[in-house]
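To keep things clear, I will list the structure first and then write my remarks on it.
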Amino acid sequence: MTDEAHPLKAFMSDAEIAALEDQTPPRSWPFEPYLRICNAEAENLLDLLMDDVCAEWAASFERKPSINRQQAFIDCGSVILANLMRAKCSRWPTTIGMRRGKGALNRERRYRPDCMKAALFITVQDWLMKSGDVEKVKSGFNLPGYSQTSRFGLTEKGVLELEAEDWTFADFKVDRGRETIRLKDDKDRLCGYGDTPETMTMRARLDEINAKLGATEIGTTRPLNIHDKEPDYKGRKVRLYRVFNRDSFDHGGRFYGGWWQNVKSNVRPAITIDGQHTVEADFRGFNPAAILAEAGQLVPEDPYSPIVGANAPKELRDHAKATLAAYLNSKSGTTEEPGDFDSAKWGMTAEDFRAKVLNAFPMVPAMLGTEKGMKLQRLESDLAEAIMLHFVRQGHAILPIHDAFVVQAHLERELVQVMKDTFKARLGQIPHVKVTRSYALR
């Protein structure tokens, strides 16, 4: 499955490691409808299994389904099995979350291939479970304020038939056909929408950015190991998509999908672009900087300093960041942040600190309950789009991490200037930008 050395091998035997209780939490990945296998041997095993399952399904009808209908069945099953096979490449116990309700599947129709009709998708799930190759690990549920999709995994039989433990992330690929402009409703579920000139323009611009990323070698100065990756890391994917929230294109819009967004922050200085060392630049305190600029107030070097003062300990600054973000995103206008606040250490209660946050930004109380945080994400993502297009149109790849960007080292000065100019053009002030250089350049 992988050639990474187990971190305990230096201290324990293979038998001792195998006997240890699994300490990693069970995780689930969302179903990727455009995933396919790009390893001929693995693809052959999958085709053989799906041919058998499809034959059993077709034999259950008095009148055999059409060739096109059978092919759609096979195509649906192949994507399901590819998702479950890729999940076996993770060091974490990983399942795949898949919808079982026609309503939810129809709502997400825009984000799936044409063959993946709701009724057929559910039917294929049932027959893969009936064949003994797939199991439903957990049933889905929908409770007030909390829901979960059904979780699926390969059975031992399925793992053996597909030789699933032999494959790596490199054996899988996501096709370009997936929707890059995505909208979620107020329950964080993908939902349909009608195209407008705005969405078509955003999609065209993102295609331009993705074309450059797809033609660029984005690597690292050393191989990544399990400690470098976040649990949602699924291989070296580079194709970006934007996600808008709460059933509105005024909310959110951040860019997701790049593998560099799913590695630990201390790994990013090891990123290379076409073999060259890189730098990362990010806006210091984007949210407070933006609301201060919108109010016509001077943006300090550390935009959180109105709360905690200059040169505050990182822990207290993190409390300020979490609390302000929680207020800006709160639907009710209240928050329980900061969590784990040490009143004795800071000489105030958490309630006192929350009041301190609101006093430092007197414009915020009027924003409570207005979903200002989501609107700021739309602003942030629009600035990110403009910054990326500047470099892409000059032939340079640029990697977004929300309000931060990674470029080749020789572009550092230009990146900082473009970030400042783009922010000023929208908000009238020059923000402060922090630069982190590649390890080799320090």
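Before moving on, here are some points about what is shown:
- Residues that are over 30 Å from residue 178 (Cα atoms), in contact (Cβ under 8 Å) with a residue 40 or more places away in the chain and touching a His at 6+ places or on another chain (Cβ under 8 Å) occur at least once in the range 289-297.
- Checking residue 409 against (1) open to solvent by 50 Å² or more (accessible area, probe 1.4 Å); (2) over 25 Å from the mean Cα position of the chain (by Cα); (3) farther than 28 Å from residue 313 by Cβ, the condition it does not meet: (1)
- Unmet criterion (only one of (1) open to solvent by 20 Å² or more (accessible area, probe 1.4 Å); (2) touching a Pro at 6+ places or on another chain (Cβ under 7 Å)) for residue 230: (2)
- Every residue from the range 238-269 that is within 24 Å of residue 409 (Cβ to Cβ) and basic (Lys, Arg): 264, 268
- Residue pairs whose Cβ atoms lie under 7 Å apart, sitting 6 or more positions apart in sequence or on different chains, and linking a residue in the range 391-420 that is basic (Lys, Arg) to a partner that is surrounded by fewer than 20 Cβ atoms within 10 Å (Cβ to Cβ), are 420/430; 420/433.
- Any hit, the range 246-268, residues being more than 20 Å from residue 29 (Cα to Cα) and assigned to a strand (DSSP E or B): yes
- Count of the range 298-323 residues which are of a type in the set (Ser, Thr, Tyr) and either under 18 Å from residue 434 (Cβ atoms) or without any contact (Cβ under 8 Å) to a residue 24 or more places away in the chain (or both): 2
- Residue in the range 142-153 that is of a type in the set (Val, Ile, Thr) and within 14 Å of residue 46 (Cβ to Cβ) present: no
- Tally, over the range 355-373, of residues that are out of contact with any His (no Cβ under 8 Å at 6 or more places or on another chain) and touching a residue at least 60 places away in the same chain (Cβ under 8 Å): 6
- Of all residues in the range 210-225 being open to solvent by 40 Å² or more (accessible area, probe 1.4 Å) and hydrophobic (A, V, I, L, M, F, W, C), the one that is farthest from residue 441 (Cα to Cα): 211
- Taken over the range 90-109, residues that are in contact with a strand residue (DSSP E or B) (Cβ under 8 Å, 6 or more places away or on another chain) and in contact (Cβ under 8 Å) with a residue 60 or more places away in the chain amount to 11.
- Within the range 197-209, residues that are surrounded by 11 or more Cβ atoms within 10 Å (Cβ to Cβ) sit with their Cβ atoms under 6 Å from residues that are polar (S, T, N, Q), at 6+ positions apart or across chains, in these pairs: 203/180; 206/180.
- Meets criteria (in contact (Cβ under 8 Å) with a residue 24 or more places away in the chain, charged (D, E, K, R) and on the phi < 0 side of the Ramachandran plot) for residue 331: yes
- Any chance residue 405 is aromatic (Phe, Trp, Tyr) and more than 30 Å from residue 332 (Cα to Cα): yes
- Residue match in the range 40-54 (condition: in a strand (DSSP E or B), within 16 Å of residue 174 (Cα to Cα) and either modelled with pLDDT of 95 or more or touching an Asp or Glu at 6+ places or on another chain (Cβ under 8 Å) (or both)): no
- Evaluating residue 195 against the criteria (1) part of a loop (DSSP other than H, G, I, E, B); (2) under 30 Å from residue 50 (Cα atoms) leaves one unmet condition, (2).
Residue-wise test of (1) crowded, with 16+ Cβ neighbours inside 10 Å; (2) touching a Lys or Arg at 6+ places or on another chain (Cβ under 9 Å).
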{"residue": "276", "(1), (2)": "no, no"}
{"residue": "284", "(1), (2)": "yes, yes"}
{"residue": "296", "(1), (2)": "no, no"}
{"residue": "302", "(1), (2)": "yes, yes"}
{"residue": "306", "(1), (2)": "yes, no"}
{"residue": "318", "(1), (2)": "no, no"}
{"residue": "321", "(1), (2)": "yes, no"}
{"residue": "350", "(1), (2)": "yes, no"}
{"residue": "364", "(1), (2)": "yes, yes"}
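- Scanning the range 334-348 for residues that are outside any loop (DSSP other than H, G, I, E, B) and either open to solvent by 70 Å² or more (accessible area, probe 1.4 Å) or closer than 16 Å to residue 307 by Cβ (or both) yields 344, 345, 346.
- For residue 435, the criteria (1) open to solvent by less than 30 Å² (accessible area, probe 1.4 Å); (2) touching a strand residue (DSSP E or B) at 6+ places or on another chain (Cβ under 6 Å) hold in every case but one, which is (1).
The values are calculated or read from the model by the stated rules, or taken from the named source; none is laboratory data. Quick caveat: nothing in here was measured; it's all calculated off a predicted structure. In this analysis, Cβ positions are derived from the backbone assuming ideal geometry, glycine residues included, and neighbour counts consider all displayed protein chains. In case anyone asks, the SASA skips ligands and DNA or RNA and just uses the protein heavy atoms, side chains included. Shrake-Rupley method; radii C 1.70, N 1.55, O 1.52, S 1.80 Å.
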